[in-house]
1. How about segment 338-386: which strands (runs of 3 or more DSSP E) wholly inside it have at least 1 residues that are of a type in the set (Asp, Glu) and over 14 Å from residue 114 (Cα atoms)?
2. Which one is modelled with the highest pLDDT, of the residues in segment 314-357 that are of a type in the set (Lys, Arg) and out of contact with any Leu (no Cβ under 8 Å at 6 or more places or on another chain)?
3. What single numbered condition from (1) modelled with pLDDT of 80 or more; (2) out of contact with any helix residue (DSSP H, G or I) (no Cβ under 9 Å at 6 or more places or on another chain) fails to hold for residue 111?
4. When only residues in segment 170-196 that are under 23 Å from the mean Cα position of the chain (by Cα) and polar (S, T, N, Q) count, which is nearest to residue 265 (Cα to Cα)?
5. Does residue 191 fit the bill of being within 23 Å of residue 124 (Cβ to Cβ) and loosely packed, with under 13 Cβ neighbours inside 10 Å?
6. Being at pLDDT below 85, assigned to a strand (DSSP E or B) and either among the hydrophobic types (A, V, I, L, M, F, W, C) or out of contact with any His (no Cβ under 6 Å at 6 or more places or on another chain) (or both) is true for just one of 246, 257. Which residue is that?
Amino acid sequence: MAVAMQRVQKEYVLRGLIDRQTLIDLHYGTRRCTGRITEFTEYRLVIAISGSHDLHERETIQAYFSSGGHVMTFRTRVRRVDPDGVLVDNPLAIYRRLQREFERVRPPEDFAARLFFEGLPLGLDFPSSLRYVEPDADINLSARFDPSSIADLLKSFRDYALSIKAESKIVMFRARRPSSFAERIITRSGRILLLPMNDTIAHEVGVEHVLTEDDVHALAMEQLHNEATLMADFAAEIERISSFERGSELYAPILYRRYVVGYLALVGGNQARKYFDAEIIDHVREFCSVLAYSLNENGYFEGAVRPEPTQAEIFDISASGMLVALPVDSPEIAAGAGVEVSVDTTIRTLRIGARVVRTIAGSDRLFLALRFIELESEDSSYLLKVLYGDQYDGTIERQSDIEVNPEL
């Protein structure tokens with residue numbers, strides 16, 4: 001793996017490039033040019049380009065040069081193009097000990113990747129949650145609920161709701177998606193929402209099952225951040241929850257693996273118990289688990305299989321591998337896992353066998369470094385031409401293994 005220089009080493013190398021007027025190779029897309037660094041500050045470099053070029057503002061450049069008998073590289077971005085030089089960002093790091101076989105470049109605009117991971121269950125066409133619940137193989141031993149008949153199961157719960165003077169409702173997400181505040185909160189968290197919020201009961205039942213007041217506010221802010229247009233609705237709902245004066249409301253997700261297939265709602269009116277207590281919540285939790293198990297046993301999910309693979313954003317790609325980004329809540333993928341990659345382009349679809357070399361956890365995404373292990377010769381030739389052009393095969397003296405800064 002390439003090694004990033006420390007700041008003092010980086011400044012020493014940059015000064016040496018200026019003093020010796022070292023020629024550096026600049027790669028951007030399938031185009032190439034050369035130049036020399038003429039000056040640098042804490043934030044910028046000035047590069048005098050040799051000959052003609054078509055660099056423009058915000059172009060991403062991968063630079064290669066030799067120093068002290070070693071090939072080194074850095075990635076930067078063009079800030080301004082002047083007649084006497086190109087102003088670029090001072091790179092965050094310069095890398096040495098380069099080992100990659102081919103140069104990584106930004107993907108063409110028409111490239112889109114789909115990943116098929118070995119050993120992962122088929123996806124279901126239901127909204128996914130941050131939680132994962134494995135169906136209990138012994139759930140049919142429950143004394144309170146019989147999972148053999150879905151109809152009988154639903155009737156038993158309606159009877160239970162009447163016994164505690166509450167209205168009940170079961171909503172499935174097969175034909176619709178979460179839309180209300182409560183639906184979004186329980187779908188995202190995979191936990192029960194109790195109104196009015198009661199942290200004492202949440203801790204009694206277990207905060208892994210019931211949302212606390214802090215959890216609800218944090219999830220609401222996440223939704224506000226992602227969908228600013230819903231701000232007014234969410235703000236109004238938070239205010240309603242904070243001044244809750246009616247009987248209890250309870251919203252419990254029906255979880256199957258990581259999918260929220262629906263939810264159960266209990267609403268207590270003026271004649272109901274003032275609050276749903278821990279005993280009621282435990283009863284609801286057990287019912288949701290048995291219902292999920294029963295739905296699976298009775299074939300409910302057979303028509304809801306989603307054949308689409310994991311969609312991935314390609315960060316960079318070479319003739320021998322790629323760096324892709326997945327949503328942060330994607331299933332955990334270990335280094336060494338096999339994956340089939342479909343790269344869709346305007347002209348053709350490339351089928352590539354690959355293996356996960358390493359995973360990099362970002363703040364809002366999961367990055368996977370993939371190495372290609374199976375690629376048809378025609379696809380390989382096409383990839384070389386599209387990535388590097390007709391006059392370059394992607395190889396240099398020694399190639400880089402850069403830990404990419406995803407924000408660059």
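1. Working: elements: 338-344, 349-361, 365-375.
Because the criterion is at least 1 residues that are of a type in the set (Asp, Glu) and over 14 Å from residue 114 (Cα atoms), the strands (runs of 3 or more DSSP E) in segment 338-386 that meet it are 365-375.
2. Here is the first cut: in segment 314-357, the residues of a type in the set (Lys, Arg) are 348, 351, 355.
Next cut, out of contact with any Leu (no Cβ under 8 Å at 6 or more places or on another chain) only: 348, 351.
On the way: 348: 74, 351: 83.
The selected residue is 351.
3. With respect to (1) modelled with pLDDT of 80 or more; (2) out of contact with any helix residue (DSSP H, G or I) (no Cβ under 9 Å at 6 or more places or on another chain), residue 111 is out only on (2).
4. 187
5. Numbers: within 23 Å of residue 124 (Cβ to Cβ): yes; loosely packed, with under 13 Cβ neighbours inside 10 Å: no.
No; evaluated as a whole, the condition is false for this residue.
6. Numbers: 246 fails: assigned to a strand (DSSP E or B).
Among 246, 257, only 257 is at pLDDT below 85, assigned to a strand (DSSP E or B) and either among the hydrophobic types (A, V, I, L, M, F, W, C) or out of contact with any His (no Cβ under 6 Å at 6 or more places or on another chain) (or both).
For (1) over 28 Å from residue 28 (Cβ atoms); (2) surrounded by 16 or more Cβ atoms within 10 Å (Cβ to Cβ); (3) in the same structural domain as residue 177 (by TED's automatic domain parsing), each residue gets a yes or a no:
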| position | (1), (2), (3) |
| --- | --- |
| 334 | yes, no, no |
| 354 | no, yes, no |
| 366 | no, yes, no |
| 377 | no, no, no |
| 381 | no, no, no |
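A quick yes/no check of all residues on (1) at pLDDT 90 or above; (2) among the basic types (Lys, Arg):
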| position | (1), (2) |
| --- | --- |
| 136 | no, no |
| 141 | no, no |
| 144 | no, yes |
| 167 | no, no |
| 185 | no, no |
| 192 | yes, no |
| 214 | no, no |
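The values are calculated or read from the model by the stated rules, or taken from the named source; none is laboratory data. Because the structure is a prediction, the values reported are computed rather than measured. Virtual Cβ from ideal backbone geometry, glycine too; neighbours counted across all protein chains shown.
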